[in-house]
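One structure is given here, and the rest of the page talks about it.
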Amino acid sequence: MSAGTDTTPRSHGPDSDARPEPEHSFRDNRQQLDRGLAVMGAISGDVTVINAPLDEAVSDRIIKPRLREGPYPVDEVRDRLHGFVEPRSYAQSRRVLNSGILVLRAGSGTGAGTTAFALLAERHGAGGITGLDSPDDLSRWRPGEQRGYLLQGLSPVAAAALGEVVLNGLADLLRRLHAHLVITVRAETPLPGDTEPWQVVQHAPLPGDVAAKRLRSMAEAGQLTPEQEAEALGHLVSADVADYLNAHPLPRDATAVAEKLGGLVVSGGTTTSALDELQTGSPASARKALAESSHRADSLSLMAAISLLTDQDRTVIEEFSSILRPRIDERDSPAAAQNRTRRLRNVLGPSFEDRLEAVGARLLSPRFGAAQRYPVQPVVFSGSHRSEALLRCLWLEYEGMAGLLWKALAETPHHSGIELAAGQAIGKVLAHATGPYALRQLASFATSDRRWHRRLVAYALGEMVEHPALTGAVRGQLRQWSRSSHVPLLCTVAETCAGSYGLARPAPALALLDTALDKPGKDLDGRLRTAVSFALSTLLSEAANHVLVIDRLRGWQEAEPGSQRHSLAVHAITSMSLTAFPSPGAPAERRLRLADMLASHPEKAFGLVITALDDPATHDSVARGLSLIESDPKLRQRSAYPQLLAALSGAARNHRGVLRFVLRRHRARTSPPAEGIPS
């Protein structure tokens, strides 16, 4: 075997979808394997092969969305309102909403979204709130039932089209249904003057009240004893803390103060040190820290690693830092590089703990994660929000640094969870980016053959779309990608639908999956089948989406045989009939069996069963699945199998596949057993 080394990056490991290129050639003696072991030459003695993956598992964690287009789950609404403090403008907002419509103008971070939830929950309960997409023309929208409707982040186009005539018409429709609509608008978005009667300017709640409410919630949750709660509340009214809150009056800042004071009374410390740590999370502090380390590639690379790879083990932080450091060094001038080589060098370098202390970071205690088989020791900055502020500043304000970070990520070996950490961190940064490159820079990872790269993009887009101003841009980018013929890019679209984007927008997500499968003349690639199956399983994890998914599967079942849509439906229905969908071993948020579908949505499932029995590609598997249900007393009762069988018998006259199933079942149950062969 050759001992040569090829440094060209390749996609190895279980998250790679393409067969690696052969690194060396021995003329015609070349062996290519998808799996297994290839050996050239003789072997003496025993050989032990451990079939373990080279890379760790890619994260399939689903992040619940904060904004939705559709009904909000009750638990999510209650969680949002758990620490709610009425803003100073709350009474005025309540009065205006009595007319049916409230246009709530708010600055960033003032808590307008939570206020809107509270106002609607007062009238319709936690289970009666529906989120709306921001249309370009609100006059075309119609309320459907007695609910509270919430439109967060009205687009500038829709804001310009809003007027007295539109609002009066909508208010009349809402009053007929006893429904209400709250629209939140950024303070800087211009609105027509005749909408003023429906407008209220959001004034954030007093920061001291927010912090006190947070401390009481911590005590109720058992995080603080009554004595610790009293001590923390005493610190809250001190002059230093009051001055800090006056300078940082937003609810997020007040919550951070409460959490810092809670930690202070538990572990000890002074309010001065606590406030100093809070200050390090500001953009000004981030710029200062980067400027002070501008001549130190080791410090810059370490700060970038900590900011980008939250909750990752110290070894992962060190590895990424070591990959990024030489790339930052390359930005220096040749003369400076020569001067460094002439100086005496410390070849050992500072210890990792010393380097952390130099950049204001520290190690947490080792812990075991749910998905890891080994202890993990995360690295964090001492100040709240410092990671986000540093990464945003480094990424957006220093020329070429974003490109270096992407290159370092591409060279970094995969470790479980880095796609989640990096994806969310990058998404938060790009939410503040401007220009067309904000989304274009995701393309190299979106088209990658490595699944963890595509999951990173999915997490980043899921984070970006939580900002109403970017919803249209993200949706447009996904629509464009879904029309591509490049399989990895289509997989990225499906992976994005398998997350907060899909849960927040189930109907648009299913439309994207439908477009991704609309590639006539092409067989369904196994990677795309797995990604789309994962997206469907994510949608199925919430009961409100079941009917949408079943209807889509039935539509795909009726598509042209051999098409990608039909192939996906055949795979899904076969899997749920014989075992579960998605198949065991494939990524899934929820696995669905045919019996589950029959029990939860009998009418919709009945239609799907008829279509599947009429299709030769799925007839045998569905018939076998129905037989398995019939032979299991619990499944038979749960799925109301006798009623299903009666309905199938009634429909058999008009459906050849159903008739075939009914007759075969009848013959199997009425035919006498075959006589045994005499011995």
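The values are calculated or read from the model by the stated rules, or taken from the named source; none is laboratory data. Here the structure is a predicted model, which means the values were calculated and not measured. Every residue, glycine among them, receives a Cβ derived from its backbone with ideal geometry; neighbour counts consider all protein chains shown.
A few comments on the model shown:
- The sole residue among PRO468, PRO488, PRO508 that is in contact (Cβ under 8 Å) with a residue 60 or more places away in the chain, within 13 Å of VAL532 (Cα to Cα) and more than 9 Å from the chain's Cα centre (by Cα) is PRO488.
- Restricting attention to the range 402-446 and to residues that are part of a helix (DSSP H, G or I) and of a type in the set (Val, Ile, Thr), the residue that is farthest from PRO375 (Cα to Cα) turns out to be VAL429.
- Residues of the range 277-297 classified as exposed (fewer than 14 other Cβ atoms within 10 Å of the Cβ) and assigned to a helix (DSSP H, G or I), total: 4
- Test: PRO135 is surrounded by 14 or more Cβ atoms within 10 Å (Cβ to Cβ), outside any helix (DSSP H, G or I) and modelled with pLDDT under 95: yes
- Checked against the criterion of being at pLDDT 95 or above, part of a helix (DSSP H, G or I), surrounded by fewer than 20 Cβ atoms within 10 Å (Cβ to Cβ) and assigned by TED's automatic domain parsing to the domain that holds ASP614, the range 527-544 has at least one qualifying residue.
- Qualifying residue in the range 411-426 (condition: in contact with a strand residue (DSSP E or B) (Cβ under 8 Å, 6 or more places away or on another chain) and either farther than 24 Å from ARG483 by Cα or surrounded by 18 or more Cβ atoms within 10 Å (Cβ to Cβ) (or both)): yes
- Residue match in the range 159-172 (condition: at pLDDT below 90 and not in a helix (DSSP H, G or I)): no
- Residues within the range 496-526 that are part of a helix (DSSP H, G or I) and of a type outside the set (Asp, Glu), tallied: 18
- Top-ranked residue in the range 308-354 [being of a type in the set (Gly, Ala, Ser) and at pLDDT 90 or above; ranked as surrounded by the most Cβ atoms within 10 Å (Cβ to Cβ)]: SER321
- Filtered residue count, the range 267-307, keeping only those that are touching a helix residue (DSSP H, G or I) at 6+ places or on another chain (Cβ under 6 Å) and farther than 18 Å from ALA358 by Cα: 4
- None of SER600, SER577, SER621 is of a type in the set (Ser, Thr, Tyr), at pLDDT below 95 and on the phi < 0 side of the Ramachandran plot except SER600.
- Test set (1) aliphatic (A, V, I, L, M); (2) assigned by TED's automatic domain parsing to the domain that holds GLY562; (3) surrounded by fewer than 24 Cβ atoms within 10 Å (Cβ to Cβ); (4) part of a helix (DSSP H, G or I) - LEU490 fails condition number: (3)
- Flag for THR434 being within 19 Å of the chain's Cα centre (by Cα) and surrounded by fewer than 20 Cβ atoms within 10 Å (Cβ to Cβ): no
- Check on GLY109, crowded, with 17+ Cβ neighbours inside 10 Å and among the small types (Gly, Ala, Ser): no
- For the range 466-476, the criterion of a residue being touching a helix residue (DSSP H, G or I) at 6+ places or on another chain (Cβ under 6 Å), closer than 25 Å to ASP311 by Cβ, outside the structural domain of SER108 (by TED's automatic domain parsing) and outside any helix (DSSP H, G or I) is satisfied by no position.
- Test result for GLY427, modelled with pLDDT of 95 or more, out of contact with any Ser or Thr (no Cβ under 8 Å at 6 or more places or on another chain), within 29 Å of GLY153 (Cβ to Cβ) and not assigned by TED's automatic domain parsing to the domain that holds GLY113: yes
- Residue within the range 181-191 that is assigned to a helix (DSSP H, G or I) and not basic (Lys, Arg) present: no
- Residue in the range 664-677 that is surrounded by 20 or more Cβ atoms within 10 Å (Cβ to Cβ) and without any contact (Cβ under 8 Å) to a residue 60 or more places away in the chain present: no
- Among the conditions (1) buried (at least 18 other Cβ atoms within 10 Å of the Cβ); (2) without any contact (Cβ under 8 Å) to a residue 40 or more places away in the chain, the only one that LEU224 does not satisfy is (2).
- Hits in the range 247-274 - residues which are of a type in the set (A, V, I, L, M, F, W, C) and surrounded by fewer than 17 Cβ atoms within 10 Å (Cβ to Cβ): ALA247, VAL266
- In the range 372-385 there is no residue matching the filter, namely being on the phi > 0 side of the Ramachandran plot and buried (at least 22 other Cβ atoms within 10 Å of the Cβ).
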